[in-house]
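Input: a single structure, listed below in structure tokens.
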Amino acid sequence: MNTKPFTSGLSENAVMITRVANRQWHALDDDLVVGRGHAEHRPDGRLFVSIDAWHDAAFDRLAQAMLAELPTPQYTVVDEADIELTAGWRRAGFTIRRREWEYVVPTDRRVTGLESVLPPSGVTIVPAGQADEGLLRAVDRAIRDEVEATVGWQSMPAEVISRPEGDTIVDPSKYAVAAAPDRYLGLIRVVTVNRPRIGLVAVRAGEQRRGIARALLAHALGTLHRSGFAAAWTEVHESNHAASALFDGIGARPMSSNLELVR
């Protein structure tokens, strides 16, 4: 356990920054916890940090202690509307790396305009839980390689990340796919925990602009609507104009934005 005293404006006593566990820190003011810091490696290997502090002074001292002990680069994600938290990370030397918009997506086809959308000729939609795992992994790998060769997979939503040992399929049962007779052409992943989230919609580069993504969305949203969900959520990188146009075109509304910061 490492303890480092700093002069504090919170009280006449010194704020103590204490590492209480591996990559976990507390800020103590007269034995009262006034801030907590945490760091973890995500499966893609990047190191993400977070701080929850009562006062700017506690935040700054936690950041100073934590960041000095951790390797770089360091990342964090904040709600762009949280101006104070964003400012705190900027004081610590972080800069904006990317912005994602969170959309709320209606599921009713009468609202989305997807009621008459069908996949193109020769393409069928295989519902979630029914996809062939080998073909699913093949299309996922192919799409990831195509993205990596162009804009880079790091441009995809922050939560869409590689799993350990190159396993990029989190749970095969969560994916519906667009299938040709000999291979899969696209996929959509929907995960429902507290609310349904569309984590990924993607189509092979040579099969784009055929309406496959809209057909996958029509299927997934229709399934959610029949299950009693009025809306789903998704994140879109601000530079992904095609994805923005896709969701804007079905009545989805941007509700908030997140910033990924890097130091």
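Quick check on segment 4-18. Is at least one of its residues among the aliphatic types (A, V, I, L, M) and either modelled with pLDDT of 90 or more or exposed (fewer than 14 other Cβ atoms within 10 Å of the Cβ) (or both)?
no
Kindly establish whether Val177 is modelled with pLDDT of 85 or more and either assigned to a loop (DSSP other than H, G, I, E, B) or hydrophobic (A, V, I, L, M, F, W, C) (or both). Write out each step before concluding.
Working: modelled with pLDDT of 85 or more: yes; either assigned to a loop (DSSP other than H, G, I, E, B) or hydrophobic (A, V, I, L, M, F, W, C) (or both): yes.
For Val177, the condition - modelled with pLDDT of 85 or more and either assigned to a loop (DSSP other than H, G, I, E, B) or hydrophobic (A, V, I, L, M, F, W, C) (or both) - is met.
In the set Glu102, Glu84, which member is under 14 Å from Leu259 (Cβ atoms) and either assigned to a strand (DSSP E or B) or modelled with pLDDT under 90 (or both)?
Glu102
Going by the conditions given, is Leu216 touching a strand residue (DSSP E or B) at 6+ places or on another chain (Cβ under 7 Å) and closer than 16 Å to Tyr175 by Cα?
Working: touching a strand residue (DSSP E or B) at 6+ places or on another chain (Cβ under 7 Å): yes; closer than 16 Å to Tyr175 by Cα: yes.
So Leu216 passes the test.
Could you grab me the full set of residues in segment 130-169 that are over 25 Å from Ser239 (Cα atoms) and either among the hydrophobic types (A, V, I, L, M, F, W, C) or at pLDDT below 90 (or both)?
Our first condition is that a residue be over 25 Å from Ser239 (Cα atoms); within segment 130-169, this holds for 130-138, 164-167.
Hits for segment 130-169 are Ala131, Leu135, Leu136, Ala138, Pro164, Glu165, Gly166, Asp167.
Looking at (1) open to solvent by less than 60 Å² (accessible area, probe 1.4 Å); (2) over 30 Å from Val78 (Cα atoms); (3) among the basic types (Lys, Arg), which one does Arg183 not meet, given that it meets all the others?
Unmet for Arg183, out of (1) open to solvent by less than 60 Å² (accessible area, probe 1.4 Å); (2) over 30 Å from Val78 (Cα atoms); (3) among the basic types (Lys, Arg): (1).
Just one of Glu84, Glu133, Glu80, Glu40 is under 30 Å from His219 (Cα atoms), within 26 Å of the chain's Cα centre (by Cα) and open to solvent by 50 Å² or more (accessible area, probe 1.4 Å); which is it?
It is Glu133.
Any chance segment 217-228 includes a residue that's β-branched (Val, Ile, Thr), more than 26 Å from Asp82 (Cα to Cα), touching a residue at least 12 places away in the same chain (Cβ under 8 Å) and surrounded by fewer than 20 Cβ atoms within 10 Å (Cβ to Cβ)?
yes
One line per residue, one yes/no per condition, for (1) touching a helix residue (DSSP H, G or I) at 6+ places or on another chain (Cβ under 8 Å); (2) at pLDDT below 90:
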| residue | (1), (2) |
| --- | --- |
| Arg23 | no, yes |
| Gly35 | yes, yes |
| Trp54 | no, yes |
| Tyr75 | no, no |
| Val78 | yes, no |
| Phe94 | no, no |
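Are any residues in segment 52-66 open to solvent by 10 Å² or more (accessible area, probe 1.4 Å), touching a residue at least 40 places away in the same chain (Cβ under 8 Å) and in a helix (DSSP H, G or I), and if so, which ones?
Ala57, Arg61, Gln64
In segment 94-125, what residues are more than 27 Å from the chain's Cα centre (by Cα) and surrounded by fewer than 16 Cβ atoms within 10 Å (Cβ to Cβ)? Break it down into steps so the answer makes sense when it comes.
Let us first name the residues in segment 94-125 that are more than 27 Å from the chain's Cα centre (by Cα), namely 110, 115-124.
Result: Arg110, Glu115, Ser116, Leu118, Pro120, Ser121, Gly122, Thr124.
The values are calculated or read from the model by the stated rules, or taken from the named source; none is laboratory data. Being a predicted model, the structure only gives us computed values, none of them experimental. As a convention, Cβ positions derive from the backbone with ideal geometry for all residues, glycine included, and neighbour counts pool all protein chains shown. Note: areas computed on protein heavy atoms with side chains; ligands, DNA, RNA excluded. Shrake-Rupley method; radii C 1.70, N 1.55, O 1.52, S 1.80 Å.
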